[in-house]
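Asks: Here it is: the structure, laid out below.
What follows draws every value from the coordinates through simple rules; no lab data is involved. Every value quoted in this text rests on a predicted model; they were computed, and no experiment measured them. When we count neighbours, we look across all protein chains shown, and the Cβ atoms used for this are built from the backbone with ideal geometry, even at glycine.
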Amino acid sequence: MKITYFGHSCFLLEAGGKRLLFDPFVSGNPLATGVRVENIRCDYVLITHAHSDHVADVETVMKHNPEATIIGIWEIYAHYSAKGYKAHPMNKGGWWTFDFGRVKMVNAVHSSSFSDGSYGGDPVGFVLDTPDGVLYVAGDTALTTDMQLIPRTCPPLTAAILPIGSNFTMDYHDAVLASDFISCNHIIGCHFDTFGFIKIDHEQARAAFAEKGKHLHLPAIGETFNVS
Ligand code: NI
Ligand code: MN
């Protein structure tokens, strides 16, 4: 699986012959000024929840990728399909088979509303089962014992993208426990450094994982890397 990091929680995953963009928030990210959101090409846009630091650039991306399909919980689907965008609705616990592989929508412990205050449904995470590997994208979440269900209901994870910045989500100490719950030692961090509330010490975060024999990758914005 090839992954490109666009800052905060925005990643592009290339797997199963398709390009999947997660949580597009680039133009408002003071650290991502080198990324041109208009230039991102994708086949799918997966949305974990409606907070603006996850959806601010959804419509810009969709306008530049008119064939793309949004994947989100029912309320996210309803919001964007009412605006004329192609979207696929899911809800927690369900699988759907797309042309790149299977997706399971899983629980996240957080909140979710659009910037006008309207309801965004529940926040979610995704497990993607593709020919190139299996990836868990946790979304914004606290540590939750529900994560223990993932290795019992999904194929073994190749890697996982977990939030580690604290204040709005779990911190990297809880993310170490989360990596136990999901039986995955290859963790990619997200939701750190973007704002003052979530600035972290990179060396301490890596050390917290290394102490438990696990690997934390803190991607640089614009970096492309492979996980296998
Ligand atoms: Ni959020
Ligand atoms: Mn967030």
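Asks: Specify which residue in the list 156, 29, 80 is farthest towards the positive end of the charge dipole of the stretch 2-226, using unit charges on the beta carbon of Lys, Arg (+1) and Asp, Glu (-1), about the Cα centre.
Replies: It is 156, whose Cα lies furthest towards the positive end.
Asks: Quick check on the exposure proxy: order 114, 11 from fewest to most C-beta atoms within 10 angstrom.
Replies: Ordered by Cβ neighbours within 10 Å, fewest first: 114, 11.
Asks: Under the rule of -39500 (n - 2.57) per DSSP H run of 4 or more residues, summed and divided by the residues of the chain, what mean residue ellipticity at 222 nm is obtained, to the nearest 500 deg cm²/dmol?
Replies: Mean residue ellipticity at 222 nm (helix-derived): -4500 deg cm²/dmol.
Asks: Right, something else. Considering every pair of different Cα atoms, what Kirkwood radius, in Å, is found for the stretch 2-226?
Replies: 17.2
Asks: On to the next question. Counting other beta carbons within 10 Å of each residue's own, what order do 67, 75 fall into, fewest first?
Replies: The order, fewest Cβ neighbours first, is 67, 75.
Asks: Here are some pairs, 2/92; 18/104; 2/86; 63/104; which of them have Cα atoms lying more than 21 Å apart in this structure?
Replies: Going by Cα-Cα distance, 2/92; 2/86; 63/104 fall outside the 21 Å limit.
Asks: Considering Cα pairs under 8 angstrom that are at least six residues apart, work out the relative contact order of the chain and quote it in whole percent.
Replies: It comes to 18 percent, rounded to a whole number.
Asks: Right, next: Work from the charge dipole of the stretch 2-226 (Cβ charges, +1 for Lys and Arg, -1 for Asp and Glu, about the Cα centre) and give the residue of 10, 187, 126 farthest towards its positive end.
Replies: Value computed over the given set: 126.
Asks: Mind checking which aspartates and glutamates have their Cα closer than 19 Å to the Cα of residue 212? Skip sequence neighbours fewer than 8 apart in that chain.
Replies: The reachable aspartates and glutamates, counting only those whose Cα sits under 19 Å from residue 212, are 171, 174, 180, 201, 203.
Asks: Additional query: Give the order of 46, 149 when sorted by the count of other beta carbons within 10 angstrom, beginning with the fewest.
Replies: 149, 46
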